[in-house]
Each structure stands twice: as C-alpha cells, then as structure tokens.
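> Encoded as structure tokens, here's the structure I'll be asking about.
What follows draws every value from the coordinates through simple rules; no lab data is involved. Since we're looking at a predicted model, the values are computed, not measured. Virtual Cβ from ideal backbone geometry, glycine too; neighbours counted across all protein chains shown.
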Amino acid sequence: MPAEREIRFSLPSSIPSQEIHIRIGSELLAALQKDLEIARYSRIGVIVDDALAHLLEECAWAHELPILTLESGEKLKSLAQLEQCWLWLHECGFDRESLVICLGGGSILDLAALACSTFKRGIYYALMPSTLLAQVDGCLGGKGAINYFGVKNLIGTFSFPSAILVDTALLRSLGAEVLSDGLAEVIKHALIADAGLFEFIEKLNAPPISDPDLNHIIERSLQVKSSIVAGDYFEAGPRKILNFGHTIAHALEASAPRHDITISHGQAVSLGMIAEAHLSHLYRGLDSKTLKRLESVLLKFNLPIRLKAQAPLNELEELIRADKKNSGGSLHFTLLCELGKAEHNCVLSIEQVRAAWDYLAGQVSV
Ligand SMILES: NC(=O)c1ccc[n+]([C@@H]2O[C@H](COP(=O)([O-])OP(=O)(O)OC[C@H]3O[C@@H](n4cnc5c(N)ncnc54)[C@H](O)[C@@H]3O)[C@@H](O)[C@H]2O)c1
C-alpha cells in the first residue's frame with residue numbers, strides 16, 4: 001500500500017469551509033483520533049453500518065462514545081430513519097460544536113449527512129465511506145438525502161463534511177457484487193471526463209482487481225469528481241454531467257420495490273448508462289463503437305446491460321418526469337458526445353426517451 005495521499009480542493013467563496021481535504025490511505029480508522037483533532041469538539045458520536053460495527057471495538061478512541069448502529073440499504077433512506085437519527089442526536093446532547101463520524105456505505109452516509117446537516121441547522125460531521133461506491137462517489141457529493149413519496153433522493157441538503165477519510169483497507173471485506181456496484185460509478189467518471197481512466201479499466205482483467213489497480217482507480221475517480229464538484233458546488237450547470245446514467249437509473253431504482261424487483265444502485269447505474277449512452281448515440285452522435293466498448297467493460301465486471309424484469313413503461317416515464325433535474329416541463333439528460341466528454345441539459349421528449357427502453361430490452365441493436 002502506498003503512503004497516504006491527500007486530495008485538496010476549494011469550494012466557491014459562498015461556502016464557509018472553503019478547503020476540502022480528502023485523505024486516502026490504508027488503516028485510517030484506527031488512527032482517526034489523530035486525523036480529526038477530536039479534542040476540539042464538544043461531543044463526538046458515531047453513526048455506523050452494522051456490517052462494520054465490530055471494527056469500532058478495536059478502536060480505543062471509540063470506546064466511550066455514543067454509537068448509533070444502523071442496518072444499511074436503500075430502505076434506510078426514509079423519514080422514519082431520519083427521525084431516529086435526529087432523536088439520537090438530541091438524546092445524546094449534541095450541539096453545534098459536536099462532531100458525528102459517519103462510517104458506512106452510501107446509504108448510511110446519505111442519511112447521516114442529511115441528519116447532521118439539518119439538526120440544529122447543521123453540526124459537524126466526518127465521512128468514512130466503506131464501499132467502493134461511497135469512496136469514489138457518495139462521500140464527495142456534499143449531498144445528504146432520503147427517498148420520499150417513492151422518489152429517490154427527493155428530500156435532501158447540500159452541505160459539506162469537515163473531513164473525508166477514504167480508508168481502502170475497509171474494502172477488503174466487501175462482497176464482489178457490492179464492489180461491482182462501485183465500479184459502475186468509476187466507469188461513469190471515466191466516460192464523462194477521463195478517457196484515459198476508461199482505457200485503464202478496459203485493460204484490467206476480470207475481478208478480483210489488485211490493490212494497486214484499485215487504489216489507482218479510486219484516486220483517479222476522486223480527482224474527476226472533486227474537480228467537477230469544486231467547479232459547480234450547487235449543481236447550477238457543469239456538475240450535472242455527474243448525472244450521466246442516473247435519470248434512468250433512479251427511475252429503475254424507485255420502481256423496483258413496487259414490483260418485487262431487487263436492483264442495487266450500481267446495477268441501476270449500469271443499465272442507466274447503457275440506456276443514456278444509446279440516447280447519446282441517437283441524439284448526440286456518440287459512435288456505436290464506444291457504446292459497444294462500454295457494454296464489454298460493464299459485462300466484465302458483472303454489471304447488467306439489458307433489463308430482465310421491468311416495471312410498466314408508463315410508471316418509469318412518470319418517474320423520469322419527476323426527476324429533480326428537469327425544469328420548465330422538459331426532460332433534461334446528460335449525454336455523451338464522445339468518450340470522456342459529456343454535455344448536460346440535453347432536452348429530450350418522452351417519445352425520444354422511449355428508444356432507450358427498446359434498446360435496454362434487447363429489441364434493437366446498434
Ligand atoms: N450523496 C451522493 O453524492 C451519492 C452518490 C452516489 C451514491 N449515493 C447513494 O449511495 C447509496 C448506495 O450506496 P452503497 O452502494 O455503498 O450501498 P449500501 O450503503 O447500501 O451498502 C451496501 C452493502 O454493503 C455493506 N457494507 C458496507 N461497507 C462494507 C464493508 N466495508 N464490508 C462489508 N460490507 C459492507 C452494507 O452493510 C450493505 O449491506 C444509494 O442510496 C445512492 O443513492 C449517494
């Protein structure tokens with residue numbers, strides 16, 4: 001494992017804490033006390049994924065702290081669970097000089113960030129992402145959210161953690177499927193902004209991925225995302241390219257539980273990227289070779305490229321219409337012009353979007 005690295009980036013001047021540090025390394029959890037200057041906070045607590053709670057037993061710094069252990073997953077991102085976090089923060093006596101360390105996958109981080117950013121109008125929190133998806137993406141959004149009215153991430157805030165600690169050693173216990181979910185977001189970063197990263201991923205052998213290769217793609221992915229977020233924190237424009245694949249992914253994710261279909265975020269993103277790459281081919285001239293290369297890469301990492309079970313189309317279309325990125329009644333997509341280059345705010349009609357369903361179902365090819 002190489003020595004610890006750090007990525008720093010600045011946010012626009014309207015954000016009070018302007019410089020964000022992302023520390024990347026191995027075995028950061030045990031040394032957290034040093035990294036977080038724990039003594040400067042009035043109170044400290046931990047919100048942890050139940051899959052990782054046992055790790056805290058080995059951390060001397062955590063022994064006396066209040067700990068809220070939660071069962072992760074998409075169901076966690078609910079109003080009821082948000083209330084549970086608020087109640088815990090209240091009962092533990094947290095104030096605006098307190099710090100909450102959030103340790104877990106993307107679902108825990110989204111919920112905990114929303115709870116911390118709204119409790120007493122915002123208390124300090126640090127993120128320790130424990131899945132690949134959360135390490136390359138979820139920890140760096142500055143976004144906390146829950147799902148509501150059946151719509152993904154409908155209620156949320158923009159806020160930024162006091163620290164982001166990416167401990168790659170945490171990934172050792174991850175199952176292959178959860179790792180593949182994270183690779184979907186890495187591939188998205190490569191598609192929208194780093195053609196060289198895409199070529200690197202293309203050359204990798206099928207999983208398992210070696211530690212040095214994994215560290216390389218984590219760091220490169222964080223560089224892509226941090227430079228995009230730094231340029232447009234509130235998602236007024238260019239940051240929207242990060243949504244590539246996600247308009248359709250979020251519709252698939254929101255409809256799945258209504259039809260007893262199980263789909264992870266990474267699987268939905270994989271299908272969403274195929275659908276939106278096909279739309280890019282049709283309406284932005286993305287060459288069909290790139291679409292085929294994308295399909296091969298996703299298949300190599302056991303990510304789906306065709307829909308097997310599907311919710312009714314009218315339901316998916318309703319969910320796409322409800323997407324936060326739309327405005328003025330038109331549907332807004334991020335599409336690819338070429339490998340490594342994306343364009344946001346591409347307006348499509350629902351009729352144009354329908355071409356994606358046929359492609360996903362395998363009824364048309366390019
Ligand atoms: N805020 C953002 O910018 C942003 C960006 C991308 C994704 N997300 C959100 O992230 C969520 C998905 O996150 P996820 O894919 O991390 O899933 P997840 O949080 O549901 O975790 C997946 C599974 O992995 C387990 N797990 C976590 N860390 C582990 C470890 N180190 N070892 C073994 N098991 C471990 C969890 O217990 C869970 O069973 C979605 O809700 C998505 O919307 C948010």
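> Taking loop as defined by DSSP and a crowding limit of 12 other beta carbons within 10 Å, which GluC sites (Glu not before Pro) in segment 87-187 fit? Show your work: numbers first, answer last.
Numbers: sites: 91, 97, 177, 185; in loops: 97.
Listed in order of number, the matching sites are 97.
> Further question on the same structure: Just from its helices, what would the mean residue ellipticity at 222 nm be for the chain, if runs of 4 or more DSSP H residues each count -39500 (n - 2.57) and the sum is divided by every residue, rounded to the nearest 500 deg cm²/dmol? Write out the running numbers ahead of the final one.
Numbers: 13 runs with 152 residues, N = 366.
After summing the helix terms and dividing by residue count, I get -13000 deg cm²/dmol.
> Turning to a different aspect of this structure: Which residue, 110, 49, 232, tops the fluctuation ranking in a GNM of the chain built on C-alpha contacts under 10 Å?
232
> Could you work out how far the C-alpha centroid of segment 324-366 sits from that of segment 162-216, in angstrom?
A separation of 25 Å, based on Cα centres.
> Nearest 5 percent is fine: what portion of the DSSP beta bridges confined to the chain is antiparallel?
For the chain, the DSSP antiparallel bridge percentage is about 45.
> How would the chain be classified by its alpha-carbon gyration tensor: rounded, prolate or oblate, with rounded meaning a/c under 1.5 and the a/b versus b/c comparison settling the rest?
Working: a/c = 1.77, a/b = 1.50, b/c = 1.18.
Note, shape of the chain comes out prolate.
> Taking every alpha carbon pair in segment 49-129, what does the distance histogram look like in 5 angstrom bins from 0, in percent?
Using 5 Å bins, I get a P(r) of 3, 15, 28, 27, 20, 7, 1 for segment 49-129.
> Let me ask another. Rounded to the nearest angstrom and ordered from largest down, what semi-axes does the equivalent ellipsoid of segment 176-360 get from its C-alpha gyration tensor (root of 5λ)?
Numbers: eigenvalues 120, 76, 47 Å².
Working from the Cα gyration tensor, I get semi-axes of 25, 20, 15 Å.
> Quick one: in segment 99-230, what % of C-alpha pairs are over 27 Å apart?
Details: 1731 of 8646 pairs.
That fraction is 20 percent.
> Rg to Rh for segment 5-173: what is it, with Cα atoms only and Rh by Kirkwood?
On the way: Rg = 14.7 Å, Rh = 15.8 Å.
Checking Rg against Rh, the ratio lands at 0.93.
> Ok, one more. Loop only per DSSP, at most 14 neighbouring Cβ atoms within 10 Å: give me the chymotrypsin sites (Phe, Trp or Tyr not before Pro) in segment 230-320, ordered by residue number.
On the way: sites: 233, 234, 244, 283, 301; in loops: 233, 234, 244, 301.
When the chymotrypsin sites (Phe, Trp or Tyr not before Pro) of segment 230-320 are filtered for loop state and at most 14 Cβ neighbours within 10 Å, 234 remain.
> Oh, and also: All other residues with a Cβ under 10 Å from the Cβ of residue 235 taken together, and with Lys, Arg as +1 and Asp, Glu as -1, what is their net charge?
+4
> For a 28 Å ceiling on Cα separation, which of these pairs sit above it: 203/324; 34/75; 143/341; 75/308; 300/325?
Values: 203/324 36 Å; 34/75 34 Å; 143/341 24 Å; 75/308 23 Å; 300/325 31 Å.
Exceeds cut-off: 203/324; 34/75; 300/325.
> Let me ask something else. Exposure proxy check: 46, 178 ranked by fewest other beta carbons within 10 Å? Walk me through the numbers before you get to the answer.
Values: 46 24, 178 19.
So the ranking, lowest neighbour count to highest, is 178, 46.
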